1. Would you mind stating whether Asn216 is in contact (Cβ under 8 Å) with a residue 24 or more places away in the chain and touching a strand residue (DSSP E or B) at 6+ places or on another chain (Cβ under 6 Å)?
2. Being under 14 Å from the mean Cα position of the chain (by Cα), in contact (Cβ under 8 Å) with a residue 12 or more places away in the chain and farther than 23 Å from Trp17 by Cα: is that true of Leu279 here?
3. Would a scan of the stretch 45-61 turn up a residue that is of a type in the set (Gly, Ala, Ser) and within 16 Å of ligand 3 (Cβ to nearest atom)?
4. For the stretch 201-224, give me each residue that is closer than 9 Å to Lys238 by Cβ and either within 16 Å of ligand 3 (Cβ to nearest atom) or in contact with a Gly (Cβ under 9 Å, 6 or more places away or on another chain) (or both).
5. Take Phe231 and tell me if it is hydrophobic (A, V, I, L, M, F, W, C), modelled with pLDDT of 95 or more and buried (at least 17 other Cβ atoms within 10 Å of the Cβ).
6. Output the number of the condition that Leu162 fails; it satisfies all remaining conditions of (1) surrounded by fewer than 17 Cβ atoms within 10 Å (Cβ to Cβ); (2) free of Cβ contacts under 8 Å to residues at least 12 places away in the same chain; (3) not aromatic (Phe, Trp, Tyr).
7. Looking only at the stretch 144-194, filter to residues that are at negative phi and of a type in the set (D, E, K, R); which one of those is nearest to ligand 3 (Cβ to nearest atom)?
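The values are calculated or read from the model by the stated rules, or taken from the named source; none is laboratory data. Predicted model only: the values in this text are computed from it and were never measured. Note that each Cβ is placed from the backbone with ideal geometry, even for glycine, and that neighbours are counted across all protein chains shown. In case anyone asks, the SASA skips ligands and DNA or RNA and just uses the protein heavy atoms, side chains included. Shrake-Rupley method; radii C 1.70, N 1.55, O 1.52, S 1.80 Å.
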Amino acid sequence: MNHSSSELRRDILSGKWVLLAPGRAHRPGETLFHRVPQPVSPARDCPFEASRLQKETPLLFLGSSERDWRILIIENKYPALRPGHTRIQNIPSKFYKVLHAEGYHHILITRDHKKNFSQLSTEDALLVFRAFQTHYQTLARHSSVRYVSFFQNKGIRGGATLYHPHFQILALPIVPSDVEESLLSSHSYFRLHKKCVYCSLLQREREEKKRVIYENERALVFAPFISRQPFEVRVFPKHHSPYFEDEKEDVLRDVSSALQFVLRRMKTRLFDPDYNFFLHSAPVYRKKAHASYHWHIEVVPRLTTAAGFELGTGIDVNVVDPDEAARVLRFRKKIKSLDPKAFNL
Ligand SMILES: [Zn+2]
Ligand SMILES: [Zn+2]
Ligand SMILES: [Zn+2]
């Protein structure tokens with residue numbers, strides 16, 4: 001797009017509008033590439049060190065033995081939801097819809113205090129996905145669980161309160177409305193075109209090429225045409241696949257190494273930003289009905305703050321053209337300057 005103009009783009013899945021305004025990247029005081037250096041919090045104060053977790057009963061561990069775990073899943077000490085009834089419980093209310101927030105809130109921990117997901121060996125990165133997949137299958141067997149959410153918060157702007165790399169797993173008694181919206185859109189697209197909307201999107205991105213950042217045999221990474229945030233990316237399995245919990249190991253391996261690749265690129269190209277990544281998969285609830293969905297991972301570096309316009313309209317303003325975002329993240333050469341001009345934005 002022409003960087004002196006702006007565009008309003010509407011997401012065909014969520015129905016949400018995005019205002020792309022690349023010209024605003026040059027305004028004085030733009031803080032896109034400003035970083036406040038964050039001190040490494042020492043391992044001696046860390047509750048996720050192996051020596052401190054000895055008394056915990058792991059829900060799951062992967063590694064050569066329980067002592068030599070590489071991946072550990074434990075209960076969250078401060079859970080947002082707790083297990084309760086086997087059936088979903090409504091709380092009577094004349095006006096509002098209220099449920100008991102019963103479910104599961106667990107933490108997946110990788111062993112090394114400093115190595116984040118992108119720095120793990122390919123094998124350990126795959127173990128993260130394998131551990132989560134096994135745990136997902138266990139959670140999905142509970143009759144009150146309708147959706148399982150998996151995500152990582154990295155850094156203070158990403159919402160992490162602990163330095164040690166960890167991932168969160170929340171099993172919910174509802175299907176989140178954002179996921180519900182995408183499910184409805186993917187169903188209606190399928191009815192109309194007899195094809196998965198995400199498969200069509202992947203095909204389009206692979207033909208156009210300019211927003212593709214990386215691909216291997218079974219996974220594709222690209223900057224979405226409708227990006228709500230600067231440098232937001234998606235990682236998709238290339239074959240049609242609605243359910244993360246049923247995915248084959250060779251696909252998990254390629255998705256996890258593609259995710260590592262793009263997180264490493266963000267670290268070097270975007271000066272180690274805080275980020276969130278999260279999984280979107282078809283719900284556990286009425287599982288068979290969601291065959292037109294396509295699981296994927298979204299990565300959102302936390303470079304901007306939603307302000308009055310975003311809160312007041314629900315329209316995100318993005319100052320980075322996704323074509324340019326893909327170019328920066330694909331580019332082999334390191335960028336030395338923090339000046340947005342170095343990015344040709
Ligand atoms: Zn630690
Ligand atoms: Zn598909
Ligand atoms: Zn998604």
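1. no
2. No, not satisfied.
3. No, every residue in the stretch 45-61 fails to be of a type in the set (Gly, Ala, Ser) and within 16 Å of ligand 3 (Cβ to nearest atom).
4. Leu202, Ala219, Leu220
5. When the stated conditions are applied, Phe231 passes them.
6. (2)
7. Asp178
Yes or no, residue by residue, for (1) part of a helix (DSSP H, G or I); (2) within 30 Å of Arg332 (Cα to Cα); (3) away from ligand 2 (no atom under 16 Å from the Cβ):
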{"position": "Glu180", "(1), (2), (3)": "yes, no, yes"}
{"position": "Ser186", "(1), (2), (3)": "yes, no, no"}
{"position": "Phe190", "(1), (2), (3)": "yes, no, no"}
{"position": "Ile213", "(1), (2), (3)": "no, yes, yes"}
